[in-house]
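The values are calculated or read from the model by the stated rules, or taken from the named source; none is laboratory data. Predicted, not measured: the structure shown is a model, and the values here were computed from it. Here Cβ is always computed from backbone atoms with ideal geometry, including for glycine, and neighbour counts include all displayed protein chains. For the accessible areas, the whole protein counts, side chains as well, though only heavy atoms, and no ligand, DNA or RNA atoms are used. Shrake-Rupley method; radii C 1.70, N 1.55, O 1.52, S 1.80 Å.
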Amino acid sequence: MTNKLKTMATAIMATASIAAAAQQLKQFTLEDLNYGGNNYRNMQPRNMFFSWWGDRLMTQDLDYSVAINMKNGSRDTLFNIKDVNALLDGEKIHSAFYAFCPYADKTEVMLSNSNIRLLYDWKQNTIVWRQDCKGEQYPDWNKKTKAVAYVDADNQLCVRLADNQLCRITSDGSREIVYGQAVHRNEFGIESGLFWSPDGSRLAFYRMDQTMVTDYPQVNTFERVATLEPDKYPMAGMTSHKVSVGIYDINTKQTIYLNTGDATDRYFTNIAWSPDATTVYMFELNRDQNDCRLVAYDAISGEKKEELYRETSEKYVEPLNPIRFLPWDNTKFIFQSQKDGYNHLYLFDLKKKTFTQVTNGNFVIEQLLGFNIKQKTAIVRANAASPIQRNIYAVDLKSGKLSPLDNGRGSHRVTLSESGTYLVDKYTEPDVPLNIDLVNTANAKALRLHTADNPWKGYNIPEYSSGTIKAADGVTDLYYRMVKPVGFDPTKKYPTVVYVYGGPHAHNIEASWHYGSRSWETYMAQKGYLLFILDNRGSECRGRDFEQATFRQLGQVEMADQMKGVDYLLSLPYVDKDRLGVHGWSFGGYMTISLMTNYPDVFKVGVAGGPVIDWKWYEVMYGERYMDTPETNPEGYAKTSLIDKAKNLKGKLQIIIGMNDPTVVPQHALQFLDACVKAGTQPDFFVYPGEGHNMAGHASVHLHERITQYFEDYLK
């Protein structure tokens, strides 16, 4: 046998050996990989859940609450939930309960079910306090006074005091007059509508008047005769709601409202209290979202005290974080801004009425986690090491120096102890499913609490990689993720799917497990597809100019960058240029149809979920931030609309929506279908009755089966 033949024989045997080994490995199903799947939980890295007891750490088993030794990580059982239930008459706390210890100096734990909340002293084995909680919506409990604020079933704002005395604060609550809930459609970092003062004596709350906002006619088809269940939906350029901020005093039982002036076309966000509970601070933004002011109000009279800070922009200003007072100095607070191009910390001095920039550099402070009170440092999460990493740092507030508190790799999510002395660091890396460390924030000394086994061991998994290409501007680096088919052979050509989101406040590429790969990508790779995912300009965590490159022309810069990704793909010998597909949801659905209709000869198959079609049908706050109004930016709205692009459709396109989507209302997809009818193009369409913007529960498995099958039918 010649050497050449021997080499060929060896290669064939090696290939056969690899194929045989691959066949012995287990295959994934969507029940394994999809979050709605029956086996999904078992396929996730085993996690642990913690809560802080002052500067001591607690965790829970199914029935037990356990204290963690801060020096060696050993664990001591504090109580068994059976001990608690033995003290209750009728009412029981369920297994897999959630517990937290509100008082660092007491052996008391908060427990609750749907009817009661209680404080249990595990040292004395007694229930020291209990409170009714039946029927509470959006509850916010205050540990200082033990009062809870909530919205009842009649849409009224209520406060239940520690002695169970019920105070109904409002009487005109309805679907049109909304109390105690997030306003402005959860934009500007708003997640709640209730804000207790530090001493628990006063409650700030939102009141949102939606009487002037147009109803979008959602329909409930599960009744014998379908019924109308409209949503309040202010579209870009149309009349928006009006918001006011009330203050309720639990001692006087009186309510006042902040004197903000006419609330028409104004946004109030990031409510915060002074440490002495006498002043309320909030950022106020005009409807154009280019003039932002930090304003202080007297919490007793409601009168405006002063304007502390103002920031303007030719494009937009987006306040996302409330001010945070220094725990050791009530005259100074931290605020965040990307006024220099990247989100950074600024220190404001109330005595001098001046501020200084604390952190600097071409990176983003993603989160101010809190403070180490003894060291007088701020603890932050930032991407200073790499745009795709999320690392933890202690910040010297005088010099701005960042001191690493983790291993310098991967993606980290942490919770901080009461004084900031310790943190729990849950982190992953591309090849690390999950590790959990207990970290001393003064010296970065770490104690390993948990190392998760790889739950995918024994399965046939693809190769995950990450890299960069240049954006369409020829300068900016863009990060991508590639998932190669299982059993990848570089001599073959593979059908390739571009998964895209592309919009603001999201990113796809991260130095976490498998580079942040969505599990559906693994499922597709198992079926022989190559997956490619690119974070274009306009996505988050790359600075102001990176995000604002899309201003007034959503989808255009994003498409140009995505096509640079396609150029890269077509340069690879194993990518089949005749079998390119694209898929995305929400903004990604918009991008999918944009790419399919603007580049009809490039993409053979697309699946667009919950797609925006025309930004004039999207809501006021988000839509006008990036596009202004249809009246002030008619060229931009016309350019970015997909209605007149329906005639360009050549490939196979499936559009999927939830029938009752309150975010991207069904009008978008339906009007595009109408445009296709008129143009003579033939998309496919599927709707999930009763579902919203995303499919919940096991419907998500059905959804991803459908998405997968569409590519199987038309791309493979």
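Selection of the stretch 658-672 for residues being among the hydrophobic types (A, V, I, L, M, F, W, C) and touching a Ser or Thr at 6+ places or on another chain (Cβ under 8 Å) yields Met659, Val664.
With respect to (1) in contact (Cβ under 8 Å) with a residue 60 or more places away in the chain; (2) open to solvent by 20 Å² or more (accessible area, probe 1.4 Å), the lone exception for Thr451 is condition (1). One residue stands out in the stretch 491-506 among those that are part of a loop (DSSP other than H, G, I, E, B) and touching a helix residue (DSSP H, G or I) at 6+ places or on another chain (Cβ under 8 Å): the one that is most open to solvent (accessible area, probe 1.4 Å), namely Tyr501. Taking the stretch 252-275 as the search range and keeping residues that are assigned to a loop (DSSP other than H, G, I, E, B) and polar (S, T, N, Q), which one is nearest to Asp199 (Cα to Cα)? In this case the residue turns out to be Ser274. Here the stretch 600-622 is the region considered, the condition is being open to solvent by 10 Å² or more (accessible area, probe 1.4 Å) and out of contact with any Phe, Trp or Tyr (no Cβ under 8 Å at 6 or more places or on another chain), and the residue that is farthest from Lys716 (Cα to Cα) is Tyr622.
The set of residues from the stretch 515-527 being open to solvent by 20 Å² or more (accessible area, probe 1.4 Å) and in contact (Cβ under 8 Å) with a residue 60 or more places away in the chain comprises Tyr515, Gly516, Ser519, Tyr523, Gln526, Lys527. Looking only at residues in the stretch 113-150 that are of a type in the set (Gly, Ala, Ser) and touching a strand residue (DSSP E or B) at 6+ places or on another chain (Cβ under 7 Å), which one is surrounded by the most Cβ atoms within 10 Å (Cβ to Cβ)? It comes out as Ala149. Going residue by residue through the stretch 278-289, is there one that turns out to be surrounded by fewer than 20 Cβ atoms within 10 Å (Cβ to Cβ), modelled with pLDDT of 95 or more and aromatic (Phe, Trp, Tyr)? No, the stretch 278-289 contains no residue that is surrounded by fewer than 20 Cβ atoms within 10 Å (Cβ to Cβ), modelled with pLDDT of 95 or more and aromatic (Phe, Trp, Tyr). With the structure loaded, tell me whether Ile373 is under 22 Å from Asp437 (Cα atoms), surrounded by 20 or more Cβ atoms within 10 Å (Cβ to Cβ) and in contact (Cβ under 8 Å) with a residue 24 or more places away in the chain or whether it fails that test. In short, no. So which residues in the stretch 651-670 are assigned to a helix (DSSP H, G or I) and surrounded by fewer than 20 Cβ atoms within 10 Å (Cβ to Cβ), if there are any at all? Within the stretch 651-670, Gln667, Leu670 qualify. Pairs meeting the criteria (first residue in the stretch 95-108 and farther than 13 Å from Val66 by Cα and open to solvent by less than 40 Å² (accessible area, probe 1.4 Å), second residue in a strand (DSSP E or B) and of a type in the set (Lys, Arg), beta carbons under 9 Å, at least 6 apart or on different chains) are Ala104/Arg56. Exactly one residue among Asn220, Asn164, Asn186 is on the phi > 0 side of the Ramachandran plot and open to solvent by less than 60 Å² (accessible area, probe 1.4 Å), and that residue is Asn164.
Within the stretch 272-290, residues that are in contact (Cβ under 8 Å) with a residue 24 or more places away in the chain sit with their Cβ atoms under 6 Å from residues that are of a type in the set (Gly, Ala, Ser) and in a strand (DSSP E or B), at 6+ positions apart or across chains, in these pairs: Thr279/Ala296; Val280/Ala204; Tyr281/Ala272; Tyr281/Ala296.
Pairs meeting the criteria (first residue in the stretch 65-76 and within 18 Å of Val439 (Cβ to Cβ) and touching a residue at least 60 places away in the same chain (Cβ under 8 Å), second residue part of a strand (DSSP E or B) and open to solvent by 90 Å² or more (accessible area, probe 1.4 Å), beta carbons under 7 Å, at least 6 apart or on different chains) are Ile68/Arg75; Met70/Arg56. Of the residues examined, Lys4 is not one that is loosely packed, with under 12 Cβ neighbours inside 10 Å, in contact with a Leu (Cβ under 9 Å, 6 or more places away or on another chain) and either modelled with pLDDT under 95 or part of a loop (DSSP other than H, G, I, E, B) (or both).
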